[in-house]
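Student: Supplied in structure tokens, the structure appears directly below.
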Amino acid sequence: MRAKEFITETALSKVHDGLEVAAVALPNTYVIPDLKNNDFYELYRFGVAIAAVRGESGNDDVQNGFKPDFRAETSWGEQQVVSSEFDRDISKTIDQALKKVGKSGKKSVSSSGSIEMDDTLTQSPIKGFKGYKR
């Protein structure tokens, strides 16, 4: 079998870019020039904003009357957060990783151990059962 029998070529003039395809094949498609696709935090917050708008449009997802307020930025903004309940030496690991990428500095924002919030129930609501009498 000759290669020409199963290899086809497409003329460069017939190659389409993504926007050409979207214009005819994907309805309701938009480009957002102010939202760059290389800032993942900004993209994430935009996704959360879309979810907030959808949530605010009805009561389907509201539980017990709670409706969280949307904020354009989280408490830590674009700062990286690393958390590990299982690795007590995570602080050293972070320092070593920062050194590898030419960065330094971290700030602790929590306790060294797990502490329950004041409103967390720490005792089981189910009464213990010792079994039936014999």
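Please treat every number below as a calculation from the coordinates, not as lab data. This is a predicted model, so every value here is computed, not measured. All Cβ positions, even for glycine, are placed from backbone atoms using ideal geometry, and neighbour counts span all protein chains on display.
Student: Test of understanding: what is the full-extension gain from residue 103 to residue 56, defined as 0.36 nm times their sequence separation minus their Cα-Cα distance?
Tutor: Working: separation 47, 0.36 × 47 = 16.92 nm, distance 4.03 nm.
Length gained, residue 103 through residue 56: 12.9 nm.
Student: On to the next question. Which of 68, 105, 33 sits closest to the plus end of the dipole of the chain, meaning its Cα is farthest towards the positive end, when Lys and Arg get +1 and Asp and Glu get -1 on the C-beta?
Tutor: 105
Student: Straight-line reach from residue 4: which lysines have Cα under 28 Å away, leaving out those fewer than 8 places along the same chain?
Tutor: Candidates past the 8-residue exclusion: 14.
Student: How would you order 27-34, 39-46, 99-106 from highest to lowest mean count of nearby Cβ atoms within 10 Å? Please report the intermediate quantities before stating the final value.
Tutor: Values: 27-34: 6.6, 39-46: 13.8, 99-106: 8.9.
Sorting 27-34, 39-46, 99-106 by mean packing, highest first, produces 39-46, 99-106, 27-34.
Student: Sort 79-89, 115-125, 47-57 by packing, meaning the average of other beta carbons within 10 Å per residue, with the highest value first.
Tutor: Numbers: 79-89: 9.4, 115-125: 6.2, 47-57: 11.9.
Final packing ranking: 47-57, 79-89, 115-125.
Student: Sticking with this one: Based on Cβ point charges of +1 for Lys and Arg and -1 for Asp and Glu, what charge dipole magnitude is obtained for the chain about its Cα centre, in debye rounded to the nearest 20?
Tutor: Numbers: 19 positive and 20 negative charges, 181 e Å.
Rounded to the nearest 20 debye, it is 860 debye.
Student: Would you mind giving the three semi-axes, in whole Å and largest first, of the ellipsoid equivalent to the chain according to its Cα gyration tensor?
Tutor: Numbers: eigenvalues 457, 156, 113 Å².
Computed over the chain, the values are 48, 28, 24 Å.
Student: Is the C-alpha gyration tensor of region 16-58 telling us rounded, prolate or oblate? Criteria: a/c under 1.5 is rounded; beyond that, a/b larger than b/c is prolate, otherwise oblate. Walk me through the numbers on the way to the answer.
Tutor: On the way: a/c = 3.67, a/b = 1.47, b/c = 2.50.
Note, shape of region 16-58 comes out oblate.
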